[in-house]
Amino acid sequence: ADSTNDGGILVIGLGRFGGYLAESLTHLGHEVLAVDRNPELVQRWSDQLDRVVQADATEEDALRQLGASDFQSAVVAIGASVEASVLAVLALVELGGPQVWARATSTKHAKILASVGAHHVIFPEAETGERVAHLIVSKMLDFI
Ligand code: ATP
């Protein structure tokens, strides 16, 4: 196990959501290890993020080699593939250690993530939509 991971945050999936998340956590002063299976994305993010590696997060061995169990938190930011998202969450839960935050894209996806042991399930699109709706309505009230 690599002690430099202690207290750090593992971000899996560098799509738009995972990328902005990893960047924000870095700006907030946290140690982030970002993982994506796509080497082009790993290359693209390597300037903005301190540690970016290419790996398949559905492989428990790959996560073990990254010292995943030493992280304080892990975020599975994969959205499009429910299977990859569920398998990555399952692998992280089985390894034990980090608080697992998992991104859901539907209610059923959320149920599966919770049932395989995700500690926190988040819905970025739904949460942003709701927040922006409140913002618009509060701005409308300003003009009454
Ligand atoms: P966003 O809406 O955030 O742009 P998306 O839903 O369009 O995301 P996805 O295809 O779900 O994008 O995946 C986000 C990232 O997760 C991609 O860059 C993809 O390469 C990565 N990813 C998918 N499966 C795995 C995996 N098994 N291991 C590591 N990374 C993965």
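Bear in mind that the values in this text are calculations on the coordinates, not laboratory data. For clarity, every value in this text was computed on a predicted model and none was experimentally measured. Note that we place each Cβ from the backbone using ideal geometry, even for glycine, and neighbour counts take in every protein chain shown.
Given Cα pairs under 8 Å that are at least 6 residues apart, what percent is the relative contact order of the chain?
On the way: 253 pairs, mean separation 29.3, N = 144.
Computed value for the chain: 20 percent relative contact order.
Helix 16-27 against the longest principal axis of the chain: what's the angle in degrees, Cα atoms only, rounded to the nearest 10?
Here the helix axis deviates by roughly 80 degrees.
What angle, in degrees between 0 and 90 and rounded to the nearest 10, separates the Cα long axis of helix 82-95 from the longest principal axis of the Cα atoms of the chain?
Relative to the chain, helix 82-95 is tipped by roughly 50 degrees.
Rounded to the nearest 500, what is the chain's calculated 222 nm mean residue ellipticity when only DSSP H runs of at least 4 contribute -39500 (n - 2.57) each, over all residues?
When only DSSP H runs of four or more count, the value is -14000 deg cm²/dmol.
Given L92, Q72, S106, which one lies farthest toward the positive end of the charge dipole of the range 1-142, if we put +1 on the Cβ of every Lys and Arg and -1 on the Cβ of every Asp and Glu?
S106
Relative to 2.2 N^0.38 Å, what does the C-alpha radius of gyration of the chain come to as a ratio? Two decimals please.
1.11
By how many nm would the segment from D56 to E125 lengthen if fully extended, with 0.36 nm per residue of separation less the alpha-carbon distance?
22.4 nm
Roughly how large, in nm² to one decimal, is the mean projection of the convex hull of the alpha-carbon atoms in the range 77-144? Write out the running numbers ahead of the final one.
On the way: hull surface 21.2 nm².
Result: 5.3 nm².
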